[in-house]
Amino acid sequence: MSTASLSHRAADPRPDETLRFLRASVTAVCNLNCVYCPKDAGMENHVPAGLRGQRLPTAAYLRAMAAIAQTGVVGGIAFTGGEPTLNPDLPMLVAAARGWYRRVELTTNGRMLPERLPEIAEHLDVIKVSLDAADRGLSHAIMRGQRADHDRALDAIRLALRAGLTVGVNVVVMRRNLPQIAAVIRTVADLHAEADTGTAYVSLLDLYYTPSTRRLWLQEFVPLDALAGRLADELGDGVEQHRKGCVIRWFSYGGVQIRVKDSHESTYRGERCRTCTRYCQEGFYGLKLSVEGWLTPCPTGAEHLGVHLAAGLDDAGLAERIAPLAKELTATTATPDSFQRFLTSNDITLDESGRRTLLPLTVLPGIAS
Ligand SMILES: C[S@@+](CC[C@H](N)C(=O)[O-])C[C@H]1O[C@@H](n2cnc3c(N)ncnc32)[C@H](O)[C@@H]1O
Ligand code: SF4
């Protein structure tokens, strides 16, 4: 199938505010080495050390995906990794997900997407491509791959738009790429205009902290509420979306939507992790399934918070293990002080210099209202 000929309904970039996601990590390896990405913590493949590397057979992974959908508590699925396009069974996993989940998303660095897209496009609602700068040199310095990787990411965005998909471009905001944000937005607007189909948005992500990336975080963190304020000055107030206790602001520029999640707002947490001091701005939005079959709401491999959906379990066994986590997801509440608790417990004083960094910045010069 040619992706150029695919006629696809473009999903709204904003998922229904009540929708929870399964973040399905389908590989623990990656073909890039981005500066901010916690490889030692498994990137987004969260699993206790004792299980790491014990990959589930694809048939067992599929049964776990189906059993999680059957709880009715998680309606969307987002494929991630490592780099999910490195899993040769990705087309099978994505096609199966289409039958069980209302919304199917994939996050990728785009490097392999030109080869992969024809097999998966028709099953996807949203594809998220990571691109941290419009400048090739800076982009390369952040992802630490080959120089061609930047162009591969642009090709991925172009092809996904041409396939009629909703394409989100993920930008991890740091001090070093802050001056590039306007250029990324313009690049995406140009690619969208050129494709003349599909839907494009840019997602500005806050840099999350892990112990191994502490130094980088202290140097590079930018509070996104300040950035949202700056965008509002230039693009108008935008639209506010409340999702599981978090505020997400949406702006619009040149046919492209811009998504900013407030990094200081409260997160949704369950009873067991209300006082946790880890950086967890995600909260209990959903569940995460590692390639080893570890199911957890937690962005760490904490053993007491997850369950192992081992290959030998029958349907009843799977349902029994998943049920308490699914129930917990429905009983989460906002925890407004989670970011402050993280700062205090890690002995970090946010000196507001991140905000000052923003002051001279015009995010989108020339269009300020
Ligand atoms: C872990 S990656 C996995 C999927 C794929 N390899 C990719 O890069 O798109 C998923 C997303 O997390 C983002 N990410 C990784 N480390 C991060 C960090 N420390 N803070 C914020 N986002 C991060 C990446 O930029 C990417 O958009
Ligand atoms: S491409 Fe994705 S998984 Fe790989 S290092 Fe970068 S952010 Fe991490």
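For region 230-247, filtered to residues that are free of Cβ contacts under 8 Å to residues at least 24 places away in the same chain and surrounded by 15 or more Cβ atoms within 10 Å (Cβ to Cβ), the residue that is nearest to ligand 1 (Cβ to nearest atom) is Val247.
The sole residue among Gly137, Gly164 that is surrounded by fewer than 23 Cβ atoms within 10 Å (Cβ to Cβ) and touching a Gly at 6+ places or on another chain (Cβ under 7 Å) is Gly164. In summary, Ser139 fulfils each of the numbered conditions (1) in contact with a His (Cβ under 6 Å, 6 or more places away or on another chain); (2) assigned to a loop (DSSP other than H, G, I, E, B); (3) of a type in the set (S, T, N, Q) with the single exception of condition (2). Among the residues of region 191-210, those that are more than 10 Å from ligand 1 (Cβ to nearest atom) and touching a residue at least 12 places away in the same chain (Cβ under 8 Å) comprise Leu191, His192, Ala193, Glu194, Ala195, Thr197, Gly198, Thr199, Ala200, Tyr201, Val202, Leu204. For the criterion of being closer than 13 Å to Ala64 by Cβ and either at pLDDT 80 or above or surrounded by fewer than 21 Cβ atoms within 10 Å (Cβ to Cβ) (or both), Thr296 passes. Could you tell me which residue of region 60-110 is surrounded by the most Cβ atoms within 10 Å (Cβ to Cβ), considering only residues that are within 16 Å of ligand 2 (Cβ to nearest atom) and part of a loop (DSSP other than H, G, I, E, B)? By that ranking, first place goes to Gly110.
For region 254-293, a tally of residues being over 30 Å from Gly50 (Cβ atoms) and modelled with pLDDT of 90 or more returns 6.
The values are calculated or read from the model by the stated rules, or taken from the named source; none is laboratory data. Quick caveat: nothing in here was measured; it's all calculated off a predicted structure. Neighbour counts run over all protein chains shown; Cβ positions are idealised from the backbone, glycine included.
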